[in-house]
Amino acid sequence: MKRRALGFLVSLWAVLTLNFLLPRLLPGDPLAALLDPNSSAYVFNSTTRASLAAYYGLDRPLAQQYADYLAGALQGDLGQSIRLNQPVGELLRAHLPWTLLLTLTALGAASLLGVLGGAEAAWRRGSAADKALVAASVIASNAPVVFTGMILLIVFGAKLDWLPLAGGRTAFARYDTPWDAARDYAAHLVLPAATLTLALVGSKFLLVRNSMIGVLGEDYMLVARAKGLSTGRLKRHHALRNAIVPFVHHLAAHAGFALTGALFIETLFNYPGMGRLVFESVVARDYPLIQGVFVVVSVLVLSANLLADWLSYRLDPRLREAP
Amino acid sequence: MSGPLLSVQDLRVTFAPGAPGQPPARAVDGVSFALAAGGSLAIVGETGSGKTTLARALLGLHPAGSVSGSVQLGGQELVELDEGRWRPLRWKRIALAVQNAGTAFDPVYRMGEQIVEPLREHLGLSSAEAAARAAALVAQVGLAERHLRAYPHQLSGGEKQRLMLAMALSCEPEILIVDEPTSGQDMLARAQVIALLRHIRAQRGTALLLISHDLAAVAQLAEQVAVLYAGKLAEVGAARDVLSAPRHPYTWGLLNAYPNMSTARDLSGIRGQMPDPAHPPTGCRFHPRCTQAVDKCRRVEPPLQAHGGRLLACHLGGLQALLRADGLRKTFTTNGHLGPAQNIEAVRDVSLEVYEGEVVGLVGETGSGKSTLGRLLVGLLSPEAGSIAFEGNPLALNNSSASKRLRRRIQLIPQDPFDSVSPYLSVGQIVREPLDVQGTDTPVKRAEQVQDALAAVGLPTLDAFLARHPHELSGGQLQRVVIARALVLEPKLIVADEPVSMLDASEQAKLITLLKAIQNERGIGLLLISHDLALVRKVADRILVMRDGQIIEGGPSSRVIAQPQHDYTRALLRAAPSFDWYSASSNGDRP
């Protein structure tokens, strides 16, 4: 486990370094636009150019720049957004919690449904219910999120008018009790989270079903049955407990996919997460912001993997002795 | 209790076909047996014979609808019980120690938790009581409490095997089914498991159903043996009888393939393969691999019938005596040129039998009458008294066609190959001669048979080789030609009189291995006449010792070698070549 933690730190360093190097490896330098006579930002005065370079620290040796960058990044200073002229760290702090709320809710719901459904389907392999669930999960995981999101919006938002159409909370609302606040947040969360859950649940269901089917064929399951244990104990205590181990790793690997899915869904539902921020910064080539998002997403995925390693280490005693 | 504890009647386990349109696989096909309270029964057979399927059926572990017939435990019918009714029976009344203990434990729980599980489930013990019981159980199988705290992957195969037994015994079942308790274990661990099982039976009176292909373990653990082949019982009887004197050809083959310390004979597998359970052969399931199968075996399935104190499923009543000689006697009279005419009794009242597929060694010093006996048996000499029957038909020394037909099935390989072939004939002619004499097939067919026979003994079949003459061949090659000549008539019995004594040790080893391989493949009975006890014991199932025209001792090779009854046999054994200079230097005598 120590090795895993060390690996996490090394990966983190690699991500930050890559983030530092990438723009500097591009043709020209970050001030290239200032040198281009065709650019609107063209600066013909070389003194101004030099002072700009000095302002951004670009005249210093690369090693010095790197050290400053790392020190800043570790303190949460990810630079300044060019388009919004705001610190990147501040922007992320405002939008990231929304994205995390959406992603974690959907991941949680999809995991719960996938695990319970997958275990039950595997137990009744070949039954009509199993076949229907497999077909449904294949369709759900292959439908584009924009499409499923639209349908949900039209049906539950527009036609039935049960749920709000957009946003993360009711604009300008004032809540009397925390309970009212929670209800309002939850109502806005339901549709985007449902869309993302639908996109995620299929692969989780199929994975759990498959690994459960594998486990059900193991000798120890036969022995457990021969021991006269109850069905519930066989299913949960022995079969699912073993089938869950590969699922944990899948969950971590799927975290990145869930995050990107969330970004799409956020733009669709006008959810106040990072989605809009990312798309607009890409359009405006707001490099500091894009890099900031890149770092944050990388750290989240790395953390998810570290967490998965730790979890499977807890779940499977065999891993505890692996070098 | 009246009646057996476990009674199995016409049990069938049929698995749904792998692909639609295929016939279902009949893994167990009409098996009946009974197990008394406290009794012990071993079910033996090759891998794939249905042993494990049978064991699982007794615990109701197969999918619903795949098992039919009747399994009664103390009068209660178990087949068709639903899962809910099976549960209280499992482990509490019938427990199963499965074959692969290595994978039989859930990898994510400690051993203790897994052993405790059935105790809490069936006996309703508190966790403290169950833990105490588990500690007592591991102590009983010779392990410590630390083994209870270990995870499965932290233990060796032998330790898991013992814990499997401890777990199987946890609820003190009336019947313990043990599936291959000794397979894959080293000899010491194996001996410990056997001792443990014996101890458990003695202490608790648990009825034991042993599933094994380890015949030595079976001999030590079971009173009764049932031999299973392709889902059907072939032979059932007392373990001592069945294992020491097998009657079914399959049992006989199993024993031949089994390595043990009580015989020095080389191993020989059973020819052919176990049939596919989805496409069992018609008639007797063993007939494609059986060397004595007759037409009826191909058509009619033999029932399991009482036969001399055991149950046997064989139309022919088990292994056939290929050759049976009774009270043979042969006296030669010297011509009296060098003194008064004398009667020399070369063979005196000899009776012997050679069974189907059996190698019998006939040993004795020069002049003991071995070769004369061999010649009597193949009909080159006629006895003064006694009778010879081949496959139940009397063998008369005349030229009737019936006698000729029988005779071609017994062939002699003589001692000196140079003596027994005409120097004027080519190899092709030598091998073809018996066919020409018998005059059965077309010349083209005969040429093919000659080629086959030469190929069988590992000789070239080129025309250039067929045209060679005896003086152009080495001793080993010529002896192979002679063997090919014997084989060309497809005999059932070969009498080989010192077939390799003229050859050097390396060529001897090659030829005797070849002879054994041909014998095993074709199921030929072989009477191997030799003075070389060291050689004979490598191939013979039984050894007969001959002296002064009489057979003075006979029995299984292992017994004759290990516990010779007769002084003469002991003398022969002492004289047999040996590199055993350790004992020779200490007392100059072999134990």
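Note on the stretch B:359-423: enclosed helices (runs of 4 or more DSSP H) holding 1 or more residues that are touching a strand residue (DSSP E or B) at 6+ places or on another chain (Cβ under 8 Å) and over 30 Å from B:Leu573 (Cβ atoms) are B:401-407.
So, in the stretch A:264-281, how many residues would count as being surrounded by fewer than 22 Cβ atoms within 10 Å (Cβ to Cβ) and not charged (D, E, K, R)? The number of residues fulfilling the criteria is 6.
The set of residues in the stretch B:133-166 being farther than 19 Å from B:Val178 by Cβ, surrounded by 15 or more Cβ atoms within 10 Å (Cβ to Cβ) and more than 13 Å from every other protein chain (Cβ to nearest Cβ) consists of B:Arg133, B:Ala134, B:Ala135, B:His147, B:Leu148. Checked against the criteria, A:Tyr220 counts as of a type in the set (Phe, Trp, Tyr), farther than 30 Å from A:Phe156 by Cα and out of contact with any Gly (no Cβ under 6 Å at 6 or more places or on another chain).
For A:Leu229, the requirement of being within 23 Å of B:His62 (Cβ to Cβ) and hydrophobic (A, V, I, L, M, F, W, C) is met. The number of residues in the stretch B:199-213 being closer than 28 Å to B:Gly253 by Cβ and out of contact with any Pro (no Cβ under 8 Å at 6 or more places or on another chain) comes to 4.
Could you please let me know if B:Arg405 is free of Cβ contacts under 8 Å to residues at least 60 places away in the same chain, surrounded by 19 or more Cβ atoms within 10 Å (Cβ to Cβ) and among the charged types (D, E, K, R)? Can you show your working first?
Working: free of Cβ contacts under 8 Å to residues at least 60 places away in the same chain: yes; surrounded by 19 or more Cβ atoms within 10 Å (Cβ to Cβ): no; among the charged types (D, E, K, R): yes.
So B:Arg405 does not fit the description; no.
Here are some residues: B:Ala34, B:Ala25, B:Ala64. Which one is within 14 Å of another protein chain (Cβ to nearest Cβ) and not acidic (Asp, Glu)?
Details: B:Ala34 fails: within 14 Å of another protein chain (Cβ to nearest Cβ); B:Ala25 fails: within 14 Å of another protein chain (Cβ to nearest Cβ).
Going through B:Ala34, B:Ala25, B:Ala64 in turn, the sole match is B:Ala64.
Rundown of residues vs (1) closer than 30 Å to A:Leu100 by Cβ; (2) hydrophobic (A, V, I, L, M, F, W, C); (3) within 14 Å of another protein chain (Cβ to nearest Cβ); (4) touching a Gly at 6+ places or on another chain (Cβ under 6 Å), yes/no style:
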position: A:Leu163; (1), (2), (3), (4): yes, yes, no, yes
position: A:Ala173; (1), (2), (3), (4): yes, yes, no, no
position: A:Ala181; (1), (2), (3), (4): yes, yes, no, no
position: A:Val190; (1), (2), (3), (4): yes, yes, no, no
position: A:Ala194; (1), (2), (3), (4): yes, yes, no, no
position: A:Lys204; (1), (2), (3), (4): yes, no, no, yes
position: A:Arg241; (1), (2), (3), (4): yes, no, yes, no
position: A:Leu251; (1), (2), (3), (4): yes, yes, no, no
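How about the stretch B:5-28: which of its residues are charged (D, E, K, R) and modelled with pLDDT under 90? If the condition is that a residue be charged (D, E, K, R) and modelled with pLDDT under 90, then B:Arg26 is the only one that fits.
Residues that are within 13 Å of chain A (Cβ to nearest Cβ) and either surrounded by fewer than 24 Cβ atoms within 10 Å (Cβ to Cβ) or among the β-branched types (Val, Ile, Thr) (or both) within the stretch B:37-57 comprise B:Thr52, B:Thr53, B:Arg56, listed in sequence order. Among the residues of the stretch A:304-321, those identified as more than 14 Å from chain B (Cβ to nearest Cβ) and aliphatic (A, V, I, L, M) are A:Ala304, A:Leu306, A:Leu307, A:Ala308.
Picking from B:Gly84, B:Gly69, which residue would you name as being in contact with a Lys or Arg (Cβ under 6 Å, 6 or more places away or on another chain) and more than 7 Å from chain A (Cβ to nearest Cβ)? First the steps, then the outcome.
Values: B:Gly84 fails: in contact with a Lys or Arg (Cβ under 6 Å, 6 or more places away or on another chain).
Going through B:Gly84, B:Gly69 in turn, just one is in contact with a Lys or Arg (Cβ under 6 Å, 6 or more places away or on another chain) and more than 7 Å from chain A (Cβ to nearest Cβ): B:Gly69.
If you go through the stretch B:333-347 and pick out every residue that is surrounded by 13 or more Cβ atoms within 10 Å (Cβ to Cβ) and either without any contact (Cβ under 8 Å) to a residue 60 or more places away in the chain or not in a strand (DSSP E or B) (or both), you end up with 1.
Which one of these is modelled with pLDDT under 85 and over 28 Å from B:Ala293 (Cβ atoms): B:Thr440, B:Thr372, B:Thr366? Talk me through it step by step, then tell me what you get.
Details: B:Thr440 fails: over 28 Å from B:Ala293 (Cβ atoms); B:Thr372 fails: modelled with pLDDT under 85.
None of the others qualify; the one that does is B:Thr366.
Let's see how each residue does on (1) in a loop (DSSP other than H, G, I, E, B); (2) more than 26 Å from B:Ala136 (Cα to Cα):
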position	(1), (2)
B:Pro181	yes, no
B:Val193	no, no
B:Leu197	no, no
B:Ile200	no, no
B:Leu210	no, no
B:Ala216	no, yes
B:Leu228	no, yes
B:Val236	no, yes
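Scanning the stretch B:314-345 for residues that are touching a His at 6+ places or on another chain (Cβ under 7 Å) and modelled with pLDDT of 85 or more gives a single hit, B:Cys314. Annotation: of all residues in the stretch B:87-112 being surrounded by fewer than 19 Cβ atoms within 10 Å (Cβ to Cβ) and assigned to a helix (DSSP H, G or I), the one that is nearest to the other protein chains (Cβ to nearest Cβ) is B:Thr103.
Test B:Arg198 against the stated conditions and say whether it is away from chain A (no Cβ under 13 Å) and charged (D, E, K, R).
On the way: away from chain A (no Cβ under 13 Å): yes; charged (D, E, K, R): yes.
So B:Arg198 passes the test.
Taking B:Leu89, is it modelled with pLDDT of 90 or more and over 32 Å from the mean Cα position of the chain (by Cα)?
On the way: modelled with pLDDT of 90 or more: yes; over 32 Å from the mean Cα position of the chain (by Cα): yes.
Yes: the conditions hold for B:Leu89.
Filtering the stretch A:206-239 to residues that are in a helix (DSSP H, G or I), within 7 Å of chain B (Cβ to nearest Cβ) and of a type in the set (D, E, K, R) leaves A:Asp219, A:Arg225. Restricting the stretch A:101-129 to residues that are free of Cβ contacts under 8 Å to residues at least 24 places away in the same chain and outside any loop (DSSP other than H, G, I, E, B), the residue that is farthest from A:Leu196 (Cα to Cα) is A:Ala128.
For the stretch B:276-293, what are the residues that are hydrophobic (A, V, I, L, M, F, W, C) and out of contact with any helix residue (DSSP H, G or I) (no Cβ under 9 Å at 6 or more places or on another chain)?
Step one: of the stretch B:276-293, the residues hydrophobic (A, V, I, L, M, F, W, C) are B:278, B:284, B:286, B:290, B:293.
B:Ala278, the sole residue that qualifies.
I'm trying to understand the selection: among the residues of the stretch B:83-139, which are of a type in the set (Val, Ile, Thr) and farther than 20 Å from A:Asp219 by Cα?
Just the residues of the stretch B:83-139 that are of a type in the set (Val, Ile, Thr), to begin with: B:94, B:98, B:103, B:108, B:115-116, B:138.
Listed by number, the list holds a single entry, B:Val138.
Residues in the stretch A:286-322 that are in a loop (DSSP other than H, G, I, E, B) and in contact (Cβ under 8 Å) with a residue 40 or more places away in the chain were compared, and the one that is surrounded by the most Cβ atoms within 10 Å (Cβ to Cβ) is A:Asp286.
For the stretch B:445-503, the set of residues classified as under 30 Å from B:Gln292 (Cβ atoms), in a helix (DSSP H, G or I) and aliphatic (A, V, I, L, M) consists of B:Ala447, B:Val450, B:Ala453, B:Leu454, B:Ala455, B:Ala456, B:Val481, B:Val482, B:Ile483, B:Ala484, B:Ala486, B:Leu487, listed by residue number.
Which one of the conditions (1) surrounded by fewer than 16 Cβ atoms within 10 Å (Cβ to Cβ); (2) away from every other protein chain (no Cβ under 14 Å); (3) closer than 30 Å to B:Val28 by Cα does B:Ser126 fail to meet, given that it meets all the rest? Failed condition: (3). Tallying residues that are under 22 Å from B:Arg201 (Cβ atoms), assigned to a helix (DSSP H, G or I) and either at pLDDT 90 or above or not charged (D, E, K, R) (or both) within the stretch B:124-159 yields 8.
The values are calculated or read from the model by the stated rules, or taken from the named source; none is laboratory data. All figures in this text were calculated on a predicted structure; none of them were measured in a lab. Positions of Cβ are generated from backbone atoms using ideal geometry, with glycine treated the same way; all protein chains shown enter the neighbour counts.
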